[in-house]
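*Asks:* Pasting in a structure now, in structure tokens, and then I'll have a few things to ask.
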Amino acid sequence: MKIYKVASYEQMSQEAAKHILKVMTEKPNALLGLATGSTPVGMYQALIRETRATGFSWQHIVTYNLDEYVGLDALDEQSYAHFMNVNLFDHVSIDQAHVHIPNGKAEDLEAECRAYEASLKTAGGVDIQVLGIGRNGHIGFNEPNDAFEPYTHVVHLDEKTIEDNARFFESKEKVPKTAISMGVESILSAKKIILLACGKEKAQALYDMLYGPITPQLPASILQKHGDVEVICDEAAASLLKGPFDV
Ligand code: F6R
């Protein structure tokens, strides 16, 4: 894995956007694997700015998001579908038919998971996957567990995740307890992965992901098996890492 330590959140966002822009420029119909949460917001802003400045057309870009809460539809302000519209899709020329986010309101959630996974495969696989990391080492909503979940699945959210995500809701009680998430094999099948981390709360998870054993108790550790992962982190998130760092 390559590790880029940068000085600020802004630099992390710029650097991440640069990686995605490179893929999009080389392949105008690229398939992007996208994440939500606080971490990638600045990256989406940089992507909007840069593609507007260059006149890049998003028309043939395809996106698949990692996860969605169960029980929330796209109109719900706490849904990840809404997050993606507000933070990216409303500001670029993407074709909504090319946007894919698991349907958290599906009547048959298991069927929704199977259909999402099949659709991802048929689309040809992710060219570049963006990941954040949870304090508990989750990627997507792959929570610490006794075994890795390979494919898109319904997941019961970890107590730590519910606590962390309560900041987006009126109260902790309002955070959905279940979600749909791509699995670790779905994530590992991406050609390239960039993982973004900022803040000291992520330092331990990042350390364990890089130097610890590969274990489903720290789901991000599975990334050690992928041949093309670039970690872009600020100094606080990198504070436990030994280096040397890539530049
Ligand atoms: C969200 C996702 C999660 C977040 C992680 C970090 O789509 O996949 O794994 O990346 O929970 O969230 P933030 O960035 O809010 O710290």
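*Asks:* Residue 241 is checked against (1) open to solvent by less than 40 Å² (accessible area, probe 1.4 Å); (2) within 16 Å of the ligand (Cβ to nearest atom); (3) among the hydrophobic types (A, V, I, L, M, F, W, C); (4) not in a helix (DSSP H, G or I) and fails just one. What number does that condition carry?
*Replies:* It fails just one condition, (2).
*Asks:* Related question: Among the strands (runs of 3 or more DSSP E) contained in segment 1-114, which hold 1 or more residues that are touching a helix residue (DSSP H, G or I) at 6+ places or on another chain (Cβ under 6 Å)?
*Replies:* 2-6, 62-65, 67-69
*Asks:* Okay, next question. Considering only residues that are free of Cβ contacts under 8 Å to residues at least 60 places away in the same chain and open to solvent by 20 Å² or more (accessible area, probe 1.4 Å), which ones fall in segment 5-35?
*Replies:* Selection gives 10, 14, 18, 21, 22, 25, 26, 28, 29.
*Asks:* Also, I was wondering about something else. So, in segment 112-152, of the ones that are acidic (Asp, Glu) and within 14 Å of the ligand (Cβ to nearest atom), which residue ends up nearest to the chain's Cα centre (by Cα)?
*Replies:* Residue satisfying both the conditions and the ranking: 143.
*Asks:* Over 20 Å from residue 64 (Cβ atoms), assigned to a loop (DSSP other than H, G, I, E, B) and open to solvent by 20 Å² or more (accessible area, probe 1.4 Å): does that describe residue 136?
*Replies:* When the stated conditions are applied, residue 136 does not pass them.
*Asks:* Residue 1 passes all but one of (1) more than 24 Å from residue 202 (Cβ to Cβ); (2) modelled with pLDDT under 95; which number fails?
*Replies:* (1)
*Asks:* Pairs, please: C-beta under 7 Å, at least 6 apart or cross-chain, first residue farther than 16 Å from residue 134 by Cβ and in segment 162-175, second polar (S, T, N, Q)?
*Replies:* What qualifies is 169/78.
*Asks:* Provide a single number: the residues in segment 165-174 that are within 12 Å of the ligand (Cβ to nearest atom) and open to solvent by less than 40 Å² (accessible area, probe 1.4 Å).
*Replies:* Number of matching residues: 2.
*Asks:* Any residue at all in segment 181-202 that's assigned to a loop (DSSP other than H, G, I, E, B), open to solvent by 10 Å² or more (accessible area, probe 1.4 Å) and within 15 Å of residue 35 (Cβ to Cβ)?
*Replies:* Quick first cut of segment 181-202, residues assigned to a loop (DSSP other than H, G, I, E, B) only: 182-183, 189-191, 198-199.
Now narrow it down to the ones that are open to solvent by 10 Å² or more (accessible area, probe 1.4 Å): 189, 191, 198-199.
Those still in the list that are within 15 Å of residue 35 (Cβ to Cβ) too: 198.
For segment 181-202, residues assigned to a loop (DSSP other than H, G, I, E, B), open to solvent by 10 Å² or more (accessible area, probe 1.4 Å) and within 15 Å of residue 35 (Cβ to Cβ): present.
*Asks:* May I ask you to list pairs of residues, at least six apart or on different chains, whose Cβ atoms are under 7 Å apart, with the first in segment 139-150 being aliphatic (A, V, I, L, M) and the second being in a loop (DSSP other than H, G, I, E, B)?
*Replies:* 139/133; 147/216
*Asks:* Working carefully through the options 17, 53, find the one that is closer than 30 Å to residue 243 by Cβ and among the aliphatic types (A, V, I, L, M).
*Replies:* The conditions single out 17.
*Asks:* Right, here's the next one. When you look at residue 86, is it within 16 Å of the ligand (Cβ to nearest atom) and in contact with a Ser or Thr (Cβ under 9 Å, 6 or more places away or on another chain), yes or no?
*Replies:* So residue 86 fails the test.
*Asks:* Here's a follow-up. Report yes if residue 230 is away from the ligand (no atom under 11 Å from the Cβ) and part of a strand (DSSP E or B), otherwise no.
*Replies:* In short, yes.
*Asks:* Please determine whether any residue of segment 142-156 is open to solvent by 40 Å² or more (accessible area, probe 1.4 Å), outside any helix (DSSP H, G or I) and in contact with a Cys (Cβ under 9 Å, 6 or more places away or on another chain).
*Replies:* Yes; the residues of segment 142-156 include at least one that is open to solvent by 40 Å² or more (accessible area, probe 1.4 Å), outside any helix (DSSP H, G or I) and in contact with a Cys (Cβ under 9 Å, 6 or more places away or on another chain).
The values are calculated or read from the model by the stated rules, or taken from the named source; none is laboratory data. On a predicted model such as this, the values are computed, not experimentally measured, just so you know. All Cβ positions, even for glycine, are placed from backbone atoms using ideal geometry, and neighbour counts span all protein chains on display. When the accessible area is computed, the model is the full protein with side chains, heavy atoms only, and any ligands, DNA or RNA have been set aside. Shrake-Rupley method; radii C 1.70, N 1.55, O 1.52, S 1.80 Å.
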